[in-house]
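Sharing a structure below in structure tokens format, with a few things to ask.
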Amino acid sequence: MTTDESTVDTNGVHTIERQSLRTRLLTANTFWIGLVLLGLVIVFSVLAPDAFPTVFTAQTLLIETAVLLVLAVGMTFVIITGGIDLSVGSVLIFAGMVSAKTMEAMSPNGNALNAGWDVILVGLVVAIAGGTAWGFLNGFLIAVAKIPPLIVTLGTLGAALGAASLINNGSDIRTVPTELRNTLGYGTSFGGIPNLVLVAVVITAVAAWLLHTTRFGRHTYAVGSNAEAARRSGIGVTRHLTLVYLLTGLLAGVAGFMSLAYYGSTTISAHATDNLNAIAAVVMGGTSLFGGIGSVLGTVIGVFIPAVLKKGFNIVGVQDFWQMIAVGAVLIAAVWFDQQRRRARNRL
Amino acid sequence: MSETANEPLLEASELTKSYGSVEALRGASFEVRAGEVVALIGDNGAGKSTLVKCLSGVEQQDSGEIFFEGERVRMDTPTAARKLGIETVYQDLAVAPELDPAANLFLGRELRLPGFLGRLGMLDKRAMRKRASQEFARLGVTLQSIDVPIGSLSGGQRQSVAVARSVVWASKVVFMDEPTAALGVVQRERVLNVIRKVRDQGMAVVLISHNMPEVLAVADRVEVLRLGKRVARFTAADATLEDLVGAMTGALTQEDAA
Ligand SMILES: Nc1ncnc2c1ncn2[C@@H]1O[C@H](COP(=O)(O)OP(=O)(O)O)[C@@H](O)[C@H]1O
Ligand SMILES: [Mg+2]
């Protein structure tokens, strides 16, 4: 592009310019997938002007995606390192289960419905600790024992679900504190914004900050781009990979607690495809399965594309099954674009 | 050569290194002094890259010793070598293709913002870009823009960035494993000039190259590796092309070289 030239700055030192904003925009995957989302919103708004572009639809859309968003944000870090985490759904269930069980154990007659904030806070800590523990196990096996992430997290996918089921003999726990459900689960703040959504937004914003502006984020990209180069540059690759999986486990723990607050149950059977949904969202958002490329904003868009499709199809009366087909197509197209771009670019 | 150049700055003594059943180094010795360019030459598979990796902490020798400024040192990690002021351009480059040239220059040495935000780990991207663009300009690395992924650059540009990264951070020794292999005539000349400049600042430069005229043009001394062992040493001014080729192929050996 015409603006990409070197210039001489005021001190007479030759400097090299950045690309123009326009070039940077047009070459960003996020930009194109964002246009897809915008297009979907416009199409459904035109097709159902009374039902789709409403506050109610927006609220339910946001609430229904909040938990998945937290999982997908963690998954973004993992996939940028060139890894994968299949265990997030099971870890979510495990975290919810140990949390609910702990809150029951702290309540009279094992019924946590009337538990207060002291019990709820302990429940939160236990959920986070439970998720973090699985994340650490994943990270250790992948980074230290050098077992491929697909295998490790396939293993912990089963193990975490099995462990969660053992805790309550395979059945769900349903005595979730009413106080928790009324606040985090259904409460709203700032004139109608669901608290569940607020939590997800804060987590997403912090994660975006971490990934895009800090050294931790930079090293995450470096490890995914070329782990050996990162190692030779003095980056502690083993430690960093462990931390990334730990972070993803921690977020799955938080998601488990959010899920508990929203559904009022541990919902053992409802998260079998959470892992695939999270991976699909991340990849649709332009994060490369080969590592080294990706963004949190892309993941946010990638989470909303299936959700908007589903809601839109429901409202205009198209069968749900079409949503699955459409999401599948978008996903494959996104990966195809990523591969094309790499082929065009890496002239090694 | 300067007066301080009689003591070796970095010295390897009888290094051995095996990869499974392949003996890459079989008692290789090597030395380089401050303010000199040493060319390390040898046929493919002679063990040059392996020797460089051992001396820059990327690999650990099975036996043998390494001395830096006369003291025995252990190069357990790349960080240990970097702390001694040793930087390396690896033959396989070891850059992060998805990151831009500035990010690659500062890989593992990222600048952080001053104050509280920096302590939180926030990067000073603007300062890194500025410094990078100045260093690249100073070293004659021509890039269209400072924020394209390095994987989209030409092989020559990528190699120039790797060379720049090593000389920007080195304070004592620079290893360059075939730094000119992918370069055109102009870029090659630039790299050779950078090598001379770095040498004149008093640093030691170790150049691996298969280009004999290039070796004779820039090197002060030549050490020859063959089948994992040093087989000959020359002062570049006294050596001929035939000497070098003879030593590499085994036609010529020096008794005292090993
Ligand atoms: N990582 C490795 N694994 C197995 N064998 C290796 C490895 N690195 C080098 N070798 C072997 O060691 C020998 C020396 O290699 P190298 O040091 O790269 O030689 P040179 O750089 O002189 O061409 C070769 O036979 C090579 O195949
Ligand atoms: Mg080599």
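Read the figures in this text as sums done on the coordinates, not as results from a lab. The model shown is predicted, which means the values in this text are computed figures rather than measured ones. When we count neighbours, we look across all protein chains shown, and the Cβ atoms used for this are built from the backbone with ideal geometry, even at glycine.
Mind checking region B:1-95 for trypsin sites (Lys or Arg not before Pro) that DSSP puts in a loop (not H, G, I, E or B) and that have at most 13 other Cβ atoms within 10 Å?
When the trypsin sites (Lys or Arg not before Pro) of region B:1-95 are filtered for loop state and at most 13 Cβ neighbours within 10 Å, B:74 remain.
Enumerate the amide H contacts of residue B:123 below 5 Å, restricted to partners 5 or more residues apart or on another chain; note that Pro and chain-start residues carry no placed amide H.
It is A:214, A:215, B:113, by chain and number.
To continue, here is another question. Using a 10 Å cut-off on Cβ to Cβ distances, tally the other chain neighbours for every residue of A:292-302 and report the average as a whole number.
For this peptide, the per-residue mean of nearby foreign Cβ atoms is 1.
I'd like the distance separating the alpha-carbon centroids of region A:276-348 and region A:242-261, in whole Å.
22 Å
Percentage of Cα-Cα pair distances in chain A greater than 27 Å, rounded to whole percent?
Summing the P(r) tail past 27 Å for chain A gives 50 percent.
I would also like to ask the following. Taking each residue in A:215-223, count the Cβ atoms of any other chain within 10 Å of its Cβ, then average. What number comes out?
5
Moving on. Please give the calculated 222 nm ellipticity per residue for chain A, where each DSSP H segment of at least 4 residues contributes -39500 (n - 2.57) and the sum is spread over every residue; nearest 500 deg cm²/dmol?
Computed mean residue ellipticity for chain A: -22500 deg cm²/dmol.
May I pose another question? Roughly speaking, what is the centre-to-centre gap between region A:74-122 and region B:190-211 when only Cα atoms are used, to the nearest Å?
59 Å
Would you mind ranking B:40, A:121 so that the residue whose beta carbon has the fewest other beta carbons within 10 Å leads the list?
Least to most surrounded, the residues fall as A:121, B:40.
Right, next: How crowded by other chains is B:125-138, given as the mean number of beta carbons from other chains within 10 Å of each beta carbon?
3
While we're looking at this one, here's another question. Once you place label points 7 Å from the Cα toward the Cβ at residue B:196 and residue A:144, how far apart are they in nm?
Distance between the two pseudo-spin positions: 5.3 nm.
At what distance in nm do the modelled label points of residue B:119 and residue A:178 sit from each other, each positioned 7 Å from its Cα along Cα→Cβ?
The modelled label-to-label distance comes out at 4.6 nm.
Calculate, for residue B:126 and residue A:273, the FRET efficiency according to 1/(1 + (r/R0)^6) with r their C-beta to C-beta distance and R0 41 Å; round to the nearest 0.05.
Once rounded, the FRET efficiency stands at 0.45.
Continuing with the same structure: Quick check: pseudo-label points 7 Å beyond the Cα along Cα→Cβ at residue A:332 and residue A:151, how many nm apart are they?
If labels sit at residue A:332 and residue A:151, their model points lie 3.0 nm apart.
Among the listed pairs B:130/B:172; B:53/B:172; A:146/B:172; A:146/B:53; B:53/B:197; B:172/B:229, which are separated by more than 28 Å between their Cα atoms?
Table pairs above 28 Å Cα-Cα are A:146/B:172.
If Rh is defined by the Kirkwood formula over all Cα pairs and Rg also comes from Cα, what ratio Rg/Rh do you get for region A:24-90?
1.08
For region A:292-348, build the convex hull from the C-alpha positions and give me its volume per residue in Å³.
Residue-normalised Cα hull volume stands at 75 Å³.
Counting only C-alpha contacts under 8 Å and six or more residues apart, can you give the relative contact order of chain B as a whole percent?
So the answer I get is 26 percent.
Which angle from 0 to 90°, rounded to the nearest 10, does the C-alpha axis of helix A:29-47 make with the longest principal axis of chain A?
60 degrees
By counting other Cβ atoms within 10 Å of each Cβ, how are B:126, B:199 ranked from fewest to most?
B:126, B:199
Most mobile of A:23, A:248, A:299 per a Gaussian network model of chain A (Cα springs, under 10 Å)?
Between A:23, A:248, A:299, it is A:23 that shows the largest mean-square fluctuation.
Which of the peptides B:119-125, A:308-314 is most tightly packed, and how do the rest follow, going by the mean number of other Cβ atoms within 10 Å of each residue?
Descending packing order for the listed peptides: A:308-314, B:119-125.
Here's a follow-up. Got the relative contact order for region B:1-144 handy, in percent, Cα pairs under 8 Å and 6 or more residues apart?
The value is 18 percent.
Can you put A:212, A:240 in order of Cβ neighbours within 10 angstrom, beginning with the fewest?
Sorted ascending by nearby Cβ count, the order is A:212, A:240.
Also: Using packing as a proxy for protection, rank A:174-180, A:329-335, A:216-222 so that the peptide with the highest average count of other Cβ atoms within 10 Å comes first.
Sorting A:174-180, A:329-335, A:216-222 by mean packing, highest first, produces A:216-222, A:174-180, A:329-335.
Give the calculated FRET efficiency between residue B:62 and residue B:138 to the nearest 0.05, with a Förster radius of 41 Å applied to their Cβ-Cβ distance.
Here the calculated transfer efficiency is 0.50.
Here is a further query. Considering Cα pairs under 8 angstrom that are at least six residues apart, work out the relative contact order of chain A and quote it in whole percent.
29 percent
Okay, moving on. Hey, if you drop one equal point scatterer on each alpha-carbon of region A:66-272 and run the Debye formula without solvent, what base-10 log of I(q)/I(0) do you get at q = 0.17, 0.18 Å⁻¹?
The computed values of log10 I(q)/I(0) come out as -1.06, -1.15.
Place the peptides A:113-119, A:66-72 in order of packing, highest mean first, counting for every residue the other Cβ atoms within 10 Å and averaging per peptide.
Highest mean packing first, the order is A:66-72, A:113-119.
Given 0.36 nm per residue, what is the gain on full extension from residue A:341 to residue A:129 after removing their alpha carbon distance, in nm?
Taking 0.36 nm per residue and subtracting the Cα distance, the gain is 72.3 nm.
Let me ask you something else. Please report the Cα spread of the protein assembly as shown along all three principal axes, rounded to whole Å, starting with the longest.
90, 56, 45
Which one, B:55, B:139, B:117, has the greatest fluctuation when you compute a Gaussian network model over chain B with C-alpha springs under 10 angstrom?
B:117
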